[in-house]
1. If I model a spin label as a point 7 Å beyond the Cα along the Cα-Cβ vector, how far apart are those points for Ala378 and Arg239 in nm?
2. Plugging the Kirkwood radius over Cα pairs into Stokes-Einstein for the chain, at a temperature of 37 °C and a viscosity of 0.692 mPa s, what D comes out in µm²/s?
3. Among Lys71/Lys335; Lys335/Lys392; Lys171/Lys439, which pairs are too far apart, with a Cα-Cα distance over 31 Å?
4. Using only helices, what value at 222 nm comes out for the chain when you add -39,500 (n - 2.57) per DSSP H run of length 4 or more and divide by the total residues, to the nearest 500 deg cm²/dmol?
5. How large is the charge dipole for region 374-417, taken about the Cα centre, if only the Cβ atoms of Lys, Arg (+1) and Asp, Glu (-1) carry charge, to the nearest 20 debye?
6. Which residues does the label zone of Asn288 cover in region 134-171, counting backbone N under 16 Å from a point 7 Å along Cα→Cβ?
7. Please report how far the C-alpha centroid of region 37-108 lies from that of region 230-302, rounded to the nearest whole angstrom.
8. I'd like the orientation of helix 179-197 relative to the chain: the angle between its Cα long axis and the longest Cα principal axis, in ° from 0 to 90, rounded to 10.
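Laboratory data are not the source of any read-out in this text; all were calculated from the coordinates shown. What you see is a predicted model; the values in this text were computed from it and never measured. Methodologically, a virtual Cβ is constructed for each residue, glycine included, from the backbone with ideal geometry; neighbour enumeration extends over all protein chains shown.
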Amino acid sequence: MAETALIKKLLIANRGEIAVRVIRAARELGGIQTVAVYSDADREALHVRYADEAYGIGQPAPRESYLNIEKLLEVAQRSGADAVHPGYGFLSERAEFAEAVLDAGLIWIGPPPDAIRQMGDKLAARAIMQAAGVPVVPGTEPGLDDAALLRAAPSIGFPLMVKAAAGGGGKGMRVVREPAELEAAIAAARREAESAFGDGTLYLEKLIEGAHHIEFQILADTHGNTIHLGERECSIQRRHQKLFEEAPSPFMDPELRERMGAAAVAAARAVGYVNAGTIEFLVDAEKNYYFLEMNTRLQVEHPVTELVTGVDLVKEQIRIARGRRMGPVDGVTIKGHAVECRINAEDPYNNFLPSVGTVTVHIAPTGPGVRLDSGIYAGYEVTPYYDPMLAKLIAWGETRGEALLRVRRALNEYKIMGLKTNLPFHQKLVDMTRFLTGKYDTSFLERYMTMRPEEEEEGALAEVAAIVATLVEHQARQRALGFANGDTAQKAPSPWKWAARRW
Ligand code: MV4
């Protein structure tokens, strides 16, 4: 279908791997110049190198740069950009930013501001979904004050969750197992919500124990077509930060996928959604599913959906924003299995504390079925100002087993030196029998995953032993080839070359 809006220059209002990802999609579509923005800390960043143009937007602190709407719009105007892609995080779900872009006469590669606003209020979102016939977790109605919440609790039953209407992503949440704990939990959640979001509105929900966190990818064009592209299992989370995702979900069956997919499409239609979005559900052990939240942006984990559907979601976002009508609704089929490991600059042996420093060695895994969406390179300085995610290592296989074997092989090839990363966490996860069965839920990490500091010692010793063994073998080979008697007819190859090869 013809696209009515022309995009000649796209500003990416983001950084890191997602900025590189959007630049790649724009470059592949052809005819789109890309504009990067960078803070003082990101002058040498990869996305700056890949873009056609790059503009400094201020100091490293996000509020001085990547969250500064005025500065971003000033660069859009100065560069002559005619569209803006927000990536994820930062301003990607700030309705005011979407409005400012549209008011400036630019194309917003994302949903209508009103959809962002409606889904940003978790209480309003619940009401909209209920009205649309989408199952929500049993909970309280909007507008209850503390006394009303306390009165309503018995009808919900314990254990329950106290949640912030302006929250999301787990912020301002409290699990309450006994009635006696409720009053204090409400007070604590309110304080946290007021300081984090400036809005202390709370609500209660029945606690769904042993739940799966399963989300459906949505694409909606400007011609009333809304489709889903299957689901992602996102239950491997630490403190509400996803670490590992996979598609399709090992917990899913075709009938449930049909029902949840239809609910996801109904949810998107209920808010007049356009562009890429995600409907998050909780699914309990009995396969009851409940609407949790709608993410009105492209998500970190979008590559696993891309690999099993063959759809380039960023290109689809740009095409939808240009006005293209999507193809036949039944065009999306799921082929094979994909897994994603989020590679973070964190020390898994020290409570996942953030790690910073200059990347001295970056050896990227490649080979069949491996994709690395990365924002780093050897020589790149990782700073403490931003989210610790450095890269995403994704693997596709015909089956879940092949995808897991591939990502295990790729994790062992991946070398990042100069700072700590959570690669050992992922290497351990994909080695755990209980995980490999695919029978896991959101309680898995808490129950079964421990990263003991002595393991770090063991891991390092194994690496040193491999290098020493390589050098000993190399020198034996040199002797056998006659280099040892001073014969310098040919310069002996550097021992490190052997070590690197053995790595
Ligand atoms: C829940 C829940 C169980 N019951 N709500 C909300 C924000 C999202 N990131 C996680 N959320 C959850 N909401 C009810 N009524 C379970 C989760 C949840 C979760 C909670 C604690 C620890 C890890 C979790 C991982 C996924 C989902």
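1. With each label placed 7 Å out from Cα toward Cβ, I get 3.3 nm.
2. Working: Rh = 24.6 Å.
Once the numbers are plugged in, D ends up at 134 µm²/s.
3. Details: Lys71/Lys335 43 Å; Lys335/Lys392 21 Å; Lys171/Lys439 27 Å.
Pairs exceeding the cut-off: Lys71/Lys335.
4. Details: 17 runs with 187 residues, N = 503.
-11500 deg cm²/dmol, from helical runs alone.
5. Working: 6 positive and 5 negative charges, 38 e Å.
It comes to approximately 180 debye.
6. Residues passing the 16 Å test: 134-140, 155-161.
7. A separation of 29 Å, based on Cα centres.
8. The answer is roughly 70 degrees.
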